[in-house]
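S.K.: So that we are looking at the same thing, I have put the structure below in structure tokens.
The values are calculated or read from the model by the stated rules, or taken from the named source; none is laboratory data. All figures in this text were calculated on a predicted structure; none of them were measured in a lab. No Cβ is skipped: glycine too gets one built from the backbone with ideal geometry, and neighbour counts run over all protein chains shown.
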Amino acid sequence: MAVRTQEDVRQQAYAEAMRYMNNAKEALQKACKEDYRYRDAKYVRTACGTAYNGVLIAMDAYLLLKGIERKKGRKSIEYYTENISTLDKKLLGYVNTVYSILHLSGYYDGIRDAVIVKRGFDLAYQIIDKIKPEHVEELPPPKPSVLKRIYSFFV
């Protein structure tokens, strides 16, 4: 893969994965934390599922950058662990932990322990950082007129 193409893949995948993580953080704020526990499991499930999807985007890009072609159709956790185990053992540990915390405990079980969810998010960011481009293109902030229209929609 050409260097420019690699940088494009990194830029696009990183931006998309971070967009997912930002959406997950917003959902987690709606869960209302109280004494190291979230009150609403629904928002925790949403946040964990969204964060895990961001990690999947990053892992797909990581494997593509390492020369492993994308598999068509739905990929299982075994697909990721088999391919990553040959490339980076430390990353494999992160992937297994993120799968356990965010996907199984967070998304499926709705775990409300804030410390565990935070650990899952921290590891998710470490996985996403593996594809971080050298120069991150920041999106410009929205114009005030756009913010007014968005706000008026909710009022």
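S.K.: Inspect region 56-77 for any residue being β-branched (V, I, T) and surrounded by fewer than 19 Cβ atoms within 10 Å (Cβ to Cβ) and give the result as yes or no.
M.R.: The answer is yes, given that some residue of region 56-77 is β-branched (V, I, T) and surrounded by fewer than 19 Cβ atoms within 10 Å (Cβ to Cβ).
S.K.: In this structure, does K148 turn out to be modelled with pLDDT under 80 and either surrounded by 10 or more Cβ atoms within 10 Å (Cβ to Cβ) or not in a helix (DSSP H, G or I) (or both)?
M.R.: Answer is yes for this residue.
S.K.: Still on this structure, I have one more. Determine if region 88-103 includes at least one residue that is at pLDDT 95 or above, touching a helix residue (DSSP H, G or I) at 6+ places or on another chain (Cβ under 9 Å) and outside any helix (DSSP H, G or I).
M.R.: yes
S.K.: Moving on to the next point. What number of residues within region 17-35 satisfy the criterion of being exposed (fewer than 15 other Cβ atoms within 10 Å of the Cβ), in a helix (DSSP H, G or I) and not basic (K, R)?
M.R.: Of the residues in region 17-35, 3 are exposed (fewer than 15 other Cβ atoms within 10 Å of the Cβ), in a helix (DSSP H, G or I) and not basic (K, R).
S.K.: If I filter region 58-76 for residues that are in a helix (DSSP H, G or I), among the aliphatic types (A, V, I, L, M), in contact with a helix residue (DSSP H, G or I) (Cβ under 8 Å, 6 or more places away or on another chain) and under 18 Å from G106 (Cα atoms), do I get at least one hit?
M.R.: No: zero hits.
S.K.: Collect the residues in region 36-55 that are part of a helix (DSSP H, G or I) and buried (at least 21 other Cβ atoms within 10 Å of the Cβ), keeping them in residue-number order.
M.R.: Scanning region 36-55 gives V44, T46, A47, C48, T50, A51, Y52, G54, V55.
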